[in-house]
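Remarks on the structure that follows.
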Amino acid sequence: MRSSNPVFSRRGFSRDNGYAGFNTAAQAGYAQGNPYAQNPYAQNPYAQQGVQHGAPPQAPATTDRMTMDDVVTRSALTLGTVAVGAVLAWTLLPVSGTSYALAFGAAIVAMVLALVQSFKRTPSPALILGYAAFEGVFLGVISEMFNTRWSGAPFQAVLGTLAVSAATLLVYKAGWIRVTARYARIGMAIAMAFILVMAVNLLLVAFGVAADGGLRSFGPLGAVVGIFAILLGAFFLTLDFKQIEDGIAYGAPRNESWLAAFGLTMTLVWIYVEMLRLVAIFSSND
């Protein structure tokens, strides 16, 4: 199973990265509800590491394995860094051309840091927290900009993001959505098509071919696109939840919790930005 985020897609919890028992959704055993159906070390995917020179299999120490507490702690730290960066940017940077330029630069730096982390073989807390800080600056500036024109929009967007996240988690935990390999493939194909269409739309707008933002306008069409983008964000969340669940169940190393926090942060930022646009669209039509 590959996750929605670039960092998971690059080197998530997968068998080819040396973490036995991961990325097995497409295998027959996993499809039957047993990811270890063909694994002689069924109760411990790491036990085979202890088979050396005829020694009997031994389970590794569990103190260095990822837990839900690890994921929650790292996620809170990462999201907290985003929030601090946003508050500082909102407070210290007035709405002006200079602050917009700084926000654009912060977004570029955040994207570069995210890409560097995505291609690293191990999670780097410094890169992840650096990404969170610069992403926070970007979000703070654009949130202040939206709030200046549509008072209260950022607060409503935060509430909307929390509502979407809570609803997605509820649906996932209730088993109403089963994250299978087929589900992930179809969803990711739709997501990639959406990103490609948005990239083309951006180019058309930049060259003046599409007026008023094209598909990303502040009219009814823009609202439809925004709702679809939020649904994609919810889809990404289900993949992130599955990735975290599998990581804990299959004994991923503790530092992988930083990877989980990174993925969740990127997804929540996606949902917040789309929710912010959607609130502005509906406020404009009042």
Extreme residue, farthest from VAL279 (Cα to Cα), among residues of the range 132-152 that are of a type in the set (S, T, N, Q) and open to solvent by 30 Å² or more (accessible area, probe 1.4 Å):
THR148
Which one is farthest from GLY160 (Cα to Cα), of the residues in the range 273-286 that are in a helix (DSSP H, G or I) and open to solvent by 30 Å² or more (accessible area, probe 1.4 Å)?
SER284
Exactly one of LEU204, LEU162 is under 27 Å from ILE281 (Cα atoms), at pLDDT 95 or above and of a type in the set (A, V, I, L, M, F, W, C), and that one is LEU162
If we keep just the residues of the range 246-272 that are hydrophobic (A, V, I, L, M, F, W, C), touching a helix residue (DSSP H, G or I) at 6+ places or on another chain (Cβ under 9 Å) and surrounded by fewer than 21 Cβ atoms within 10 Å (Cβ to Cβ), which is farthest from TYR131 (Cα to Cα)?
ILE248
Based on what the data block shows, is PHE155 free of Cβ contacts under 8 Å to residues at least 60 places away in the same chain and open to solvent by 60 Å² or more (accessible area, probe 1.4 Å)?
yes
Of everything in the range 226-245, what is open to solvent by less than 20 Å² (accessible area, probe 1.4 Å) and more than 16 Å from the chain's Cα centre (by Cα)? Give them in sequence order.
GLY226
Scan PHE138, PHE146, PHE134 and give me the residue that is in contact (Cβ under 8 Å) with a residue 12 or more places away in the chain, touching a Lys or Arg at 6+ places or on another chain (Cβ under 9 Å) and of a type in the set (Phe, Trp, Tyr).
PHE146
Of the criteria (1) open to solvent by less than 20 Å² (accessible area, probe 1.4 Å); (2) aliphatic (A, V, I, L, M); (3) part of a helix (DSSP H, G or I), which one LEU129 fails
(1)
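Yes/no matrix, rows are residues, columns are (1) modelled with pLDDT under 95; (2) hydroxyl-bearing (Ser, Thr, Tyr); (3) part of a helix (DSSP H, G or I):
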position	(1), (2), (3)
LEU196	no, no, yes
VAL209	yes, no, no
GLY233	no, no, yes
THR238	no, yes, yes
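The values are calculated or read from the model by the stated rules, or taken from the named source; none is laboratory data. Remember, it's a predicted structure, so these values are computed and weren't measured experimentally. Because the Cβ atoms are built from the backbone with ideal geometry, glycine has one as well, and the counts that use them run over all protein chains shown. The accessibility values were calculated without ligands, DNA or RNA, using every heavy atom of the protein model including side chains. Shrake-Rupley method; radii C 1.70, N 1.55, O 1.52, S 1.80 Å.
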